[in-house]
1. Among (1) among the basic types (Lys, Arg); (2) within 16 Å of ligand 2 (Cβ to nearest atom); (3) not assigned by TED's automatic domain parsing to the domain that holds Val255, where does Lys132 come up short?
2. Can you tell me which residues in segment 174-187 are assigned to a strand (DSSP E or B) and open to solvent by 20 Å² or more (accessible area, probe 1.4 Å)?
3. If we keep just the residues of segment 184-206 that are at pLDDT 85 or above and over 15 Å from Leu139 (Cα atoms), which is nearest to the chain's Cα centre (by Cα)?
4. Let me spell it out: the conditions are (1) at pLDDT below 90; (2) hydrophobic (A, V, I, L, M, F, W, C); (3) within 16 Å of ligand 2 (Cβ to nearest atom), and Ala103 meets all of them except one. Which number is the exception?
5. State whether the residues of segment 35-48 include one that is of a type in the set (Lys, Arg), assigned to a helix (DSSP H, G or I) and in contact with a strand residue (DSSP E or B) (Cβ under 6 Å, 6 or more places away or on another chain).
6. How many residues, within segment 135-165, are of a type in the set (Gly, Ala, Ser), crowded, with 20+ Cβ neighbours inside 10 Å and assigned to a helix (DSSP H, G or I)?
7. Answer yes if at least one residue in segment 118-134 is open to solvent by 50 Å² or more (accessible area, probe 1.4 Å) and more than 22 Å from the chain's Cα centre (by Cα), and no otherwise.
8. Of the residues in segment 239-276, how many are within 16 Å of ligand 2 (Cβ to nearest atom) and either small (Gly, Ala, Ser) or open to solvent by 50 Å² or more (accessible area, probe 1.4 Å) (or both)?
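The values are calculated or read from the model by the stated rules, or taken from the named source; none is laboratory data. These numbers were taken from a predicted model, which means no experiment stands behind them. Quick reminder, even Gly has a Cβ in these numbers, built from the backbone with ideal geometry, and neighbours come from all protein chains shown. Side chains included, ligands, DNA and RNA excluded: accessible areas come from the protein's heavy atoms. Shrake-Rupley method; radii C 1.70, N 1.55, O 1.52, S 1.80 Å.
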Amino acid sequence: MSAPASTVEDAIQAALATVNDPEIRRPITELDMVRSALIGPDGVVRVELLLTVAGCPLRDKLRADITAAVAAVPGVAGVEIEFGVMSPEQRQSLQAKLRGGTASADPVIPFAQPGSRTRVYAVASGKGGVGKSSVTVNLAAALAARGLSVGVVDADIYGHSVPRMLGADGRPTRVEDMIMPPQAHGVKVISIGMFTAGNAAVVWRGPMLHRALQQFLADVYWGDLDVLLLDLPPGTGDVAISLAQLLPNSEILVVTTPQAAAAEVAERAGAIALQTHQRVVGVIENMSWLELPDGSRMEVFGSGGGQTVAESLSRTIGAQVPLLGQIPLDTRVREAGDVGDPIVLSAPESPAATALGQVADQLAVRRESLLGKPLGLKPAGR
Ligand SMILES: Nc1ncnc2c1ncn2[C@@H]1O[C@H](COP(=O)(O)OP(=O)(O)OP(=O)(O)O)[C@@H](O)[C@H]1O
Ligand SMILES: [Mg+2]
């Protein structure tokens, strides 16, 4: 607590300032959501709160948080909350505030700005089904668990699977033309799947994909992220090229299986980095082996693929591309993905989770001046 509040009114204001909007994650007082808060002679505080959108799904959460905070103030006998809705003008000024005061018409991608210190990793592979999405959500959850502020863009517009794997079943809400991403396990997630009805297939051509990706990057309110992960569709298609244009400083993480055939196509996927001038952070080999009950390893998909890709990319690119880790097969990886509870959280002691955690540790570094230095812990959700 800071200096003692001089009056009950001040104490009520201070209590309200501790309540964050569940989506924007900033104090409701700072967001101008509190229209008034008055204490009556009966000791009951009447709060008039302006919601960003009518029918805000998080109204109950706000009610509970405000009631708890204000009721704790000495002298308060009760709390009554009346909800209103912001006018279009109020929403616009909130939006300007969130954008840091610049009401620019052009979509600005914060991560592409020169001063941005967010590390952007694009998870790519040559072949489908090698575990890109599983790796993405687990790395995201592991980094968030380490106290980093993490976002994930499901850039696999056709085969979006990230929301399910992360258990992010919330819908994005809009504040004017800003999109508030749902969160799960401390990770902010956005996916085309959140904007389509049910399991409808999306058939989009290159330019629309590009615009969708641009919107995900520019119009979503991500806040100050330490790490942004993008789950790419397999191969070297339109999305990978758009991404290189929109975020030239994004870095590529190549996922492969140990299989020689998979390794070859993974090399090709990684080699586009040479054309787009992107850095390849490293290679992750997934489905490396299955541990049998007697402790021996069964190499279901062969061996050596990850190492081969790393060496070959190092040669092609002319810079060291390390093999960041080998993730064993484990049915719990799939099960955890199916229920939206990544294995790094649901079975952290398992060999697969440990291997994923070790990869996450190598990625938990900020850009530029701090390059190479571990970030250390800082409060999450900022
Ligand atoms: N290490 C692992 N152990 C067991 N199952 C795994 C492992 N990694 C991934 N899987 C499973 O393999 C399947 C494919 O994984 P995933 O969807 O992550 O791959 P992908 O590369 O994103 O596929 P796509 O190319 O279709 O987007 C999923 O059912 C997933 O649960
Ligand atoms: Mg996928």
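1. The failed condition is (3).
2. Matches in segment 174-187: Arg174, Gln183.
3. Restricting to residues being at pLDDT 85 or above and over 15 Å from Leu139 (Cα atoms), the top hit is Ile190.
4. (3)
5. no
6. 4
7. Scanning segment 118-134 turns up at least one residue that is open to solvent by 50 Å² or more (accessible area, probe 1.4 Å) and more than 22 Å from the chain's Cα centre (by Cα).
8. Of the residues in segment 239-276, 4 are within 16 Å of ligand 2 (Cβ to nearest atom) and either small (Gly, Ala, Ser) or open to solvent by 50 Å² or more (accessible area, probe 1.4 Å) (or both).
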